[in-house]
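Here is the structure we will look at.
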Amino acid sequence: MHAIIYRWPRYLISLFLIITLNFALPRMMPGDPIANLIGESAYVSEATIQEITQSLGLDRPLHEQFTLYLQSLASLDLGYSYLLHAEVSSIIIERMIWTLGFVGIATLIGVILGVLLGAAAGMNRSQKSSQLWTYGSIAISSTPPYFLGLIALSIFSFHFGLFPLKGAPATGGILTWLHHLALPIAVLALFIAARNCLIMRGSVIQELHEHYPLYAKAKGLTDRMVLRRHILKNASLPVITQIALDIGFIFSGALFIEIVFSMPGMGMLIYDAVLSRDYPILEGCLLVIAIMVILANIAADILYGIIDPRIRRGE
Amino acid sequence: MPLAVENIEKSYLRGHFRKVPFDVLKGVSLEIQEGETVGLMGDSGSGKSTLARILAGLDRPTSGRILYEGSDIHRMKRSEFRSYRRSVQMVFQDPASALNPMKTISRSLEDVARLAGVGSDGIEEAIREMLAVGGLDPEVLRRYPDQISGGQIQRIALARVLFHRPSYLILDEPTSALDVSVQAQILQLLRTIQKETGMGCLFISHDEAVVRFISDRVVRLADGEISSDEPPGI
Amino acid sequence: MSRLLDIKNLSVSFVSGEETVRAVTDVSFDLCEDEVLTLVGETGCGKSIIAHAISGLLPPEALVSGEIRYKEKDLQSIPEEERVLLRGCEIGIVLQNPSRALNPLYTIGHQIRETILRHTEKSKEESNRMVAGALRRMGFSDPGIEMKRYPFESSGGMNQRFVIASSTILSPDLLIADEPTTGLDRSRIQDVITEFERIMEEEEMAIILITHDLAVARRLADRIGIMYAGEVVEMGDANRIFEEPYHPYTKGLFGSLPENGCVPIPGVSPPMSRIVSGCRFHPRCGKRTAVCERDHPQLGMIDDRYVRCHLCHSQ
Amino acid sequence: MNRAGLIGFAILSIFFLMAVAPWIFAPYDPYIRFTPYAEPGTDHILGTNDMGHDILSELIYSARASLFVGFVAAILATLLGVIIGIIAGYYRGWIEDLLMGVTDIFLMIPKIPMIIIIAAFLGSGIWVLILVFGAFSWTAIARIARSKVLQIRESGFVLSARCLGFSNRFIMAREIAPNLTHIVFPKFMLLAASAMITEASISFIGLGDPSMKSWGVMLSFAFTKGGLLNGMWWWYIPPGIAISVCVMAIALIGYSREKGADIGVRG
């Protein structure tokens, strides 16, 4: 628990930094701040511009604008998309559910698969299968996730017609839903598994260099028992931190896979927003993703504290 | 001129989350005369290494003074402190890390010679001199530290600090990681050097027999305080 | 007293690239029940390799030849499953660097209990009682507290006593201790010695103690073997050898002790990859003759002991 | 270096040669227009795209942008990370607390969304990508560098250097820094790999540098201009493969230098 108390200022500052950046970007960047705030291709009337200037306090000094900005954030107001004609927060919430479900399922599968394969690959480095996992993981993590998606799409959907081309059904039950999501989930899970396999493998090898596995063997434990009862737990510690730090990366990968599969999640939202320069949406998405990364790190800290007595009991 | 510490105290803040002050040294006073070898004994945690680091100017004490030629070293001018640095040298315990693993022996010695102001034409002579002091074969020069033995490394470490002609030498368990037969070689070398140069030495060890062999006086440290200070014979 | 362990012509070598490192050559000795044998020698003389060879803890790339007979069974030829079960139960093993030999994530109690649960059908509660009893015998007045500690919460000396407790909890017939005092303070070494003395007094156990510390050897050994460059050069009754060493290396070794005047042996130990012809000690021996440079001496009986030296035999 | 590392090195060398002198390899100038949408054949081994550009030539000319972004961004991030790590680890105290606090904070900022938003505002450009990537990627290196420095600073050779009177600058640059190479180099290679993937991703959503040809830009056009929907695999598969193979070559070199975690059979 100490670790969290010790680190919470960092989480807060990190969040604050993102918020400040969100505030500063449209106001500091070259070009018309109004255009930067509402999006370049949004057409609004003179009266609306007046209204925006009023509500955001654009005619007032920066620090007052900042206070206003913070106040609106505190009431969960992320701004208004003049292109989509809706509150940014409500758009993001609607899209986020997709992305969260997608990322959640894929992460679960990917982490379990990756950790198991990585542990196996680390224990018996010279085995053929271990080398297959290792090189396979390097190959997959060397590929941009969306390209992996493109290949999967062209093979399974175009050539074999096994899966639909678009990743989201308009209607239908859980089976239709699964049918649509199976391919993107598989691609993202594969990508996550590859990264975790490499991390776990490295971690296991490092633990093998420690002395305690040898002493565990000296107690009469077989290699398999040493792996299961000792090394797996110790080696998973760095993996937890790594997954938490990877969340941002996983999210980014997910965004691109969503684009390839045209899923109605945050990825598509960002993609469309980039194409139409819908800045309020982009800013809202950045903030939401940053918050998720921070939450993941808090979760990792808690988990770490539960597993590692050195953290739990302090120094 | 003696080297002395007066009423040295040192405390650390321990712990990552709740900082708790922890006293390592609780008012230690000690004087080392020129040409004298003082053996310093104590268990780990007794503060002997901390005292050594403070004497070498690597750490600052929380309170108390270190006196050299009558003046407090932490009140010295920069240039004076620099010359103090050279007059008081230190040799460390672990031969595996005593020399930079990325440099050849010749490079390590060369850097010291250059620092001491030896010009390019004098470098070779300076290195030869250092090798002679350590009783080493010139063949070691092109090697890296992991290619020579622990005993050879400690000889090089010793020869290298002597190049500055220090008046005092602090040795922090210089032979603890060595085998007894190698330890004997190093202790003999140290004796010879000390006879020739008349340096004052502070020899730290947890080995009673070693300290008795090398020292003129044995000081024991326990829980940050000096518990005894007597000739080695007893 | 019957023979518990019989080692014949044990050699261990490692091949790395072009080089063959012959860590142990042709070592033979036997051990009776209730006897303490100490192997003494300097870094790299192969003494720890012998301990690991008997325990079966050598890395798989080690090439082992010769015979290790334990209770009439050849440990090299019995199936691995059988050998695994001997460790911790019949053969206890203590390794150097106790703080690293214990898994940092488990309590002391858990780690000692693990040995009992592995080899017996005892319940967790019974095992806990056994652990508590063992710790109490070692002088810990409140074993409940010690059992809940983690290794990082105890000193190196304490951890070594926990390791000894764990290795001897099932009263093995043979205890192999590899440098149990290395890296500990003098007074902690004293604790560990006391612990061994208690075991020798209270339990029927044969002990092989590997150490470079002559003082420790002198305190504990019945019989002592002096090793140089992978070979035993002198072996016999500990008191007799300490009183009057025969082999020039043994003499040199004792002479370099500070209490004996720190008279060094000239030269350095040879690297194990390039072994000299003739007597392995001859380049450093002041009394060498032409025979010493030419012929490799055999380990032969002189008076009450075995010595490997041409000069001793010709006297 | 092990066999995998050597293979990686050989592949990377070829890509570097392509980046430096693409005309040696490319059959055409990548800006000459032929018949668009040509299938692979003897004239155009990988066909042509919607603009009629020869895809193979485009592919070869694109190596430069990808490698440039990857390595320049990685060098930037590594230098920053190593300097911050060494200073934090060597001076300790409040400097360390401050620098490591900043590192932790930067570590939590999602890099790719950050690059997307800044590129969206500033307009696309290779230097925006390099600078933003560098500015947000030094954290991992700073962390490992610092923890290594914490070990090294207490070792005999650094303490001796202080006693002998070497300056702090000399100690950090000449005694400590060289000892970081074997832990920093693998991370550097992985950073270069990651920067190349980032470039490909950012270009894919249309935020690439329009003035330069890169594999990501090629993929982006293939995706948006119907290459995928019309089943023109020769348009979108080759640039993707090029990225993967090049990144993998870099990663293999990196991993082969990672101590303990080396891939392949040893001992």
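Matching residues to (1) closer than 25 Å to B:Asp216 by Cβ; (2) touching a Gly at 6+ places or on another chain (Cβ under 7 Å):
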{"residue": "B:Gly134", "(1), (2)": "yes, no"}
{"residue": "B:Val140", "(1), (2)": "no, no"}
{"residue": "B:Asp146", "(1), (2)": "no, no"}
{"residue": "B:Leu158", "(1), (2)": "yes, yes"}
{"residue": "B:Val161", "(1), (2)": "yes, no"}
{"residue": "B:Tyr168", "(1), (2)": "yes, yes"}
{"residue": "B:Ser176", "(1), (2)": "yes, no"}
{"residue": "B:Ala184", "(1), (2)": "yes, no"}
{"residue": "B:Leu202", "(1), (2)": "yes, no"}
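Evaluate the following for C:Thr181: is it within 14 Å of another protein chain (Cβ to nearest Cβ), within 13 Å of the chain's Cα centre (by Cα), under 30 Å from C:Ile302 (Cα atoms) and buried (at least 20 other Cβ atoms within 10 Å of the Cβ)? Spell out the reasoning first.
Values: within 14 Å of another protein chain (Cβ to nearest Cβ): yes; within 13 Å of the chain's Cα centre (by Cα): yes; under 30 Å from C:Ile302 (Cα atoms): no; buried (at least 20 other Cβ atoms within 10 Å of the Cβ): yes.
When the stated conditions are applied, C:Thr181 does not pass them.
If I filter the range B:87-99 down to residues being touching a Ser or Thr at 6+ places or on another chain (Cβ under 6 Å) and farther than 13 Å from B:Leu158 by Cα, which single residue comes out as nearest to the other protein chains (Cβ to nearest Cβ)? If we take residues in the range B:87-99 being touching a Ser or Thr at 6+ places or on another chain (Cβ under 6 Å) and farther than 13 Å from B:Leu158 by Cα, then B:Ser97 is nearest to the other protein chains (Cβ to nearest Cβ).
Test A:Tyr82 against the stated conditions and say whether it is within 25 Å of the chain's Cα centre (by Cα) and at pLDDT below 85. Against the criterion (within 25 Å of the chain's Cα centre (by Cα) and at pLDDT below 85), A:Tyr82 does not qualify.
Being touching a Gly at 6+ places or on another chain (Cβ under 9 Å) and either closer than 30 Å to A:Leu84 by Cβ or open to solvent by 10 Å² or more (accessible area, probe 1.4 Å) (or both): is that true of A:Ile281 here? Yes; evaluated as a whole, the condition is true for this residue. Could you go through the range A:197-210 and let me know if any residue there is more than 10 Å from every other protein chain (Cβ to nearest Cβ), part of a helix (DSSP H, G or I) and open to solvent by 50 Å² or more (accessible area, probe 1.4 Å). No. Please indicate, with yes or no, whether at least one residue in the range D:224-233 is open to solvent by 40 Å² or more (accessible area, probe 1.4 Å), part of a helix (DSSP H, G or I) and either more than 13 Å from chain A (Cβ to nearest Cβ) or out of contact with any Asp or Glu (no Cβ under 9 Å at 6 or more places or on another chain) (or both). Checked against the condition, which is being open to solvent by 40 Å² or more (accessible area, probe 1.4 Å), part of a helix (DSSP H, G or I) and either more than 13 Å from chain A (Cβ to nearest Cβ) or out of contact with any Asp or Glu (no Cβ under 9 Å at 6 or more places or on another chain) (or both), the range D:224-233 yields at least one hit.
I'd like the full set of residues that are in a loop (DSSP other than H, G, I, E, B) and over 22 Å from B:Gly45 (Cα atoms), limited to the range B:155-209.
We begin by selecting, within the range B:155-209, every residue in a loop (DSSP other than H, G, I, E, B); these are B:163-167, B:173-179, B:198-199, B:205-207.
Answer for the range B:155-209, where residues must be in a loop (DSSP other than H, G, I, E, B) and over 22 Å from B:Gly45 (Cα atoms): B:Phe163, B:His164, B:Arg165, B:Pro166, B:Ser167, B:Asp179, B:Gly198, B:Met199.
On the stretch given as the range A:228-268, residues that are within 12 Å of chain D (Cβ to nearest Cβ) and over 30 Å from A:His211 (Cα atoms) total 19.
Among the residues of this structure, D:Phe166 counts as one that is surrounded by fewer than 21 Cβ atoms within 10 Å (Cβ to Cβ) and either in a loop (DSSP other than H, G, I, E, B) or within 15 Å of the chain's Cα centre (by Cα) (or both).
Is one or more of the residues making up the range C:198-212 within 25 Å of B:His206 (Cβ to Cβ), out of contact with any Ser or Thr (no Cβ under 7 Å at 6 or more places or on another chain) and open to solvent by less than 20 Å² (accessible area, probe 1.4 Å)? No: zero hits. Determine whether B:Ile127 is within 11 Å of another protein chain (Cβ to nearest Cβ), in contact with a helix residue (DSSP H, G or I) (Cβ under 7 Å, 6 or more places away or on another chain) and buried (at least 18 other Cβ atoms within 10 Å of the Cβ). When the stated conditions are applied, B:Ile127 does not pass them.
Scanning the range A:227-239 for residues that are crowded, with 21+ Cβ neighbours inside 10 Å and of a type in the set (A, V, I, L, M, F, W, C) yields A:Leu227, A:Ile231, A:Ala235, A:Val239.
Looking across the range D:40-57, the residues that are touching a strand residue (DSSP E or B) at 6+ places or on another chain (Cβ under 9 Å), touching a residue at least 24 places away in the same chain (Cβ under 8 Å) and either among the small types (Gly, Ala, Ser) or open to solvent by 10 Å² or more (accessible area, probe 1.4 Å) (or both) come down to D:Leu46, D:Gly47.
Could you tell me which residue of the range A:291-308 is farthest from D:Met114 (Cα to Cα), considering only residues that are within 14 Å of chain B (Cβ to nearest Cβ) and assigned to a helix (DSSP H, G or I)? If you could, list the steps in order and put the result at the bottom.
In the first step, residues of the range A:291-308 are kept if they are within 14 Å of chain B (Cβ to nearest Cβ); the result is A:301, A:304-305, A:308.
In the following step, the residues that additionally are assigned to a helix (DSSP H, G or I) were identified as A:301, A:304-305.
Details: A:Asp301: 24, A:Tyr304: 28, A:Gly305: 30 Å.
Within the range A:291-308, the match that is farthest from D:Met114 (Cα to Cα) is A:Gly305.
The requirement of being in a helix (DSSP H, G or I), open to solvent by 50 Å² or more (accessible area, probe 1.4 Å) and of a type in the set (A, V, I, L, M, F, W, C) is fulfilled nowhere in the range C:105-112; no residue meets it. Considering the range A:46-64, and only residues there that are of a type in the set (Gly, Ala, Ser) and at pLDDT below 80, the residue that is most open to solvent (accessible area, probe 1.4 Å) turns out to be A:Ser55. Checking A:Leu275, A:Leu227, A:Leu282, A:Leu245 one by one, the residue that is of a type in the set (A, V, I, L, M) and touching a residue at least 60 places away in the same chain (Cβ under 8 Å) is A:Leu227 and no other.
Can you work out which of the residues in the range A:4-42 that are of a type in the set (Val, Ile, Thr) and either touching a Gly at 6+ places or on another chain (Cβ under 9 Å) or open to solvent by 30 Å² or more (accessible area, probe 1.4 Å) (or both) is modelled with the lowest pLDDT? Working first, answer last.
Restricting attention to the range A:4-42, the residues satisfying the condition of being of a type in the set (Val, Ile, Thr) are A:4-5, A:13, A:18-20, A:34, A:38.
Filter once more, keeping what is either touching a Gly at 6+ places or on another chain (Cβ under 9 Å) or open to solvent by 30 Å² or more (accessible area, probe 1.4 Å) (or both): A:4-5, A:13, A:20, A:38.
Working: A:Ile4: 58, A:Ile5: 66, A:Ile13: 89, A:Thr20: 90, A:Ile38: 75.
Only one residue tops the list, namely A:Ile4.
Helices (runs of 4 or more DSSP H) fully within the range D:80-159 that include at least 3 residues being free of Cβ contacts under 8 Å to residues at least 24 places away in the same chain and either more than 14 Å from chain B (Cβ to nearest Cβ) or basic (Lys, Arg) (or both): D:93-107, D:111-122, D:126-137.
Out of curiosity, is C:Ala51 aliphatic (A, V, I, L, M), at negative phi and part of a helix (DSSP H, G or I)? It is true that C:Ala51 is aliphatic (A, V, I, L, M), at negative phi and part of a helix (DSSP H, G or I).
How many residues are in a helix (DSSP H, G or I) and either surrounded by fewer than 18 Cβ atoms within 10 Å (Cβ to Cβ) or touching a Pro at 6+ places or on another chain (Cβ under 9 Å) (or both) when one looks only at the range C:131-154?
12
Does A:Trp98 count as within 14 Å of chain D (Cβ to nearest Cβ), buried (at least 16 other Cβ atoms within 10 Å of the Cβ) and either at pLDDT 85 or above or under 24 Å from the mean Cα position of the chain (by Cα) (or both)? Judged against the criteria, A:Trp98 is not a match.
Are any residues in the range C:259-290 within 11 Å of chain B (Cβ to nearest Cβ) and not in a loop (DSSP other than H, G, I, E, B), and if so, which ones? Selection gives C:Glu259, C:Asn260, C:Arg284.
Of the numbered conditions (1) within 14 Å of chain C (Cβ to nearest Cβ); (2) open to solvent by 30 Å² or more (accessible area, probe 1.4 Å), A:Ala216 satisfies every one except a single condition; which is it? Result: A:Ala216 fails condition (2) only.
Of the residues making up the range A:73-85, those that are surrounded by 14 or more Cβ atoms within 10 Å (Cβ to Cβ) and outside any loop (DSSP other than H, G, I, E, B) are A:Leu73, A:Tyr80, A:Ser81.
Scanning the range C:247-262 for residues that are under 19 Å from C:Leu37 (Cα atoms) and surrounded by fewer than 21 Cβ atoms within 10 Å (Cβ to Cβ) turns up just one, C:Phe254.
The values are calculated or read from the model by the stated rules, or taken from the named source; none is laboratory data. Note that the structure is predicted; figures quoted are calculated from it, not measured. Positions of Cβ are generated from backbone atoms using ideal geometry, with glycine treated the same way; all protein chains shown enter the neighbour counts. Areas reflect the complete protein model, heavy atoms only, side chains present, ligands, DNA and RNA absent. Shrake-Rupley method; radii C 1.70, N 1.55, O 1.52, S 1.80 Å.
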